[in-house]
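Chemist: Please find one structure pasted underneath; my questions will follow.
Derivation of every value follows stated rules applied to the coordinates shown; laboratory data play no part. Not measured: the values here are computed from a predicted model. For neighbour counting, all protein chains shown are included, and Cβ atoms are generated from backbone atoms with ideal geometry for every residue, glycine included.
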Amino acid sequence: MAVRPPLIINRLDAERLQRLIDAAGDDAVARSLEEELERGEVLDPEEIPMDVISMNSQVRFTDLTREREIVRTLVYPRSLDATEDGVSVMAPVGAALLGLRVGDVIEWPLPGGERTSLRVDAILWQPEREGQFHR
C-alpha cells in the first residue's frame, strides 16, 4: 500500500497548478498531481505552516530507495532553466514533494513502473516564511 501523508497546499499554487494540469492533457504526472491537489488541504498563502513545501521552496530530502540526500527547489516548468537546483512540479519527484511537511515520507510512482520513497528532511527556503505570499 502506498504511503501518502496529508498535504497542505497554497491556494494560489493550487489555482496555477490546476491550469498546468488542464493544459497537460492525458499525462501520468499531471493525473497524479491532480489527485494530490484534490486530497490536499488548501490554505491561503498567509496560513501556510513554515514546515510545508510550497512552490518555489528549496527542500532537502532523502531518496530512501537510492539512499541519497538531495537539495532541490520546487518550480513551475517555465522556471526550470532559470533555477540551478530546480525540479519541476510536473516531474514525478516534484509532484511527490508538493504539500509535504518536514519529516513526511511518501511513496511515489516513477516512469517505467518503478516506485520511489522520499523523506523530507528540511525546508531551506520557503516563500511564505519570507513573507512572499503572491509570487
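Chemist: With a sphere of radius 12 Å drawn around the Cβ of Thr65, what net charge do the other residues whose Cβ falls strictly inside it have (Lys, Arg +1; Asp, Glu -1)? Don't jump to the answer; show the numbers that get you there.
Modeler: Working: positive: Arg66, Arg68, Arg115, Arg119; negative: Asp63, Glu67, Glu107, Glu114.
Result for the local shell: 0.
Chemist: Another one. When Lys and Arg each count +1 and Asp and Glu each count -1, what net charge do the other residues less than 11 Å away from Gly40, Cβ to Cβ, add up to?
Modeler: Residues near Gly40 contribute -3 overall.
Chemist: Quickly work out the Asp26-to-Thr65 label distance, labels modelled 7 Å from Cα along the C-beta direction, and quote it in nm with one decimal.
Modeler: 2.5 nm
Chemist: Ok, one more. Considering only Pro45, Pro127, Gly112, whose Cα is most displaced toward the positive end of the charge dipole of region 8-130, charges sitting on Cβ of Lys, Arg (+1) and Asp, Glu (-1)?
Modeler: Selected residue: Gly112.
Chemist: Moving on to the next point. Please return the longest range in the chain lying between exposed loop sites, taking GluC sites (Glu not before Pro), DSSP loop only, at most 16 other beta-carbon atoms within 10 Å, and leaving the sites out. The partial results should precede the final answer.
Modeler: Numbers: sites that count: Glu67, Glu84, Glu114.
Result, exposed sites excluded: 1-66.
Chemist: So what is the calculated 222 nm ellipticity per residue for the chain, using -39500 (n - 2.57) for each DSSP H run with n of 4 or more, over all residues, to the nearest 500 deg cm²/dmol?
Modeler: Numbers: 3 runs with 32 residues, N = 135.
Helix-only estimate at 222 nm: -7000 deg cm²/dmol.
Chemist: Compute the Cα gyration tensor for region 8-130, then decide on rounded, prolate or oblate, letting a ≥ b ≥ c be the square roots of its eigenvalues: rounded whenever a/c is under 1.5, prolate when a/b is larger than b/c in the other cases, and oblate in all that remain.
Modeler: Verdict is rounded for region 8-130.
Chemist: Once you list every other residue whose beta carbon is under 13 Å from the beta carbon of Gly86, what net charge do they have if Lys and Arg are +1 and Asp and Glu are -1?
Modeler: -1
Chemist: Evaluate the charge dipole of region 8-130 about its Cα centre and quote only its size in Debye, nearest 20, assuming +1 on the Cβ of each Lys and Arg and -1 on the Cβ of each Asp and Glu.
Modeler: It comes to approximately 260 debye.
Chemist: Compute the orientation-averaged projected area for region 18-66 from the convex hull of its Cα atoms and round it to one decimal in nm².
Modeler: So the Cα hull casts an average projection of 5.0 nm².
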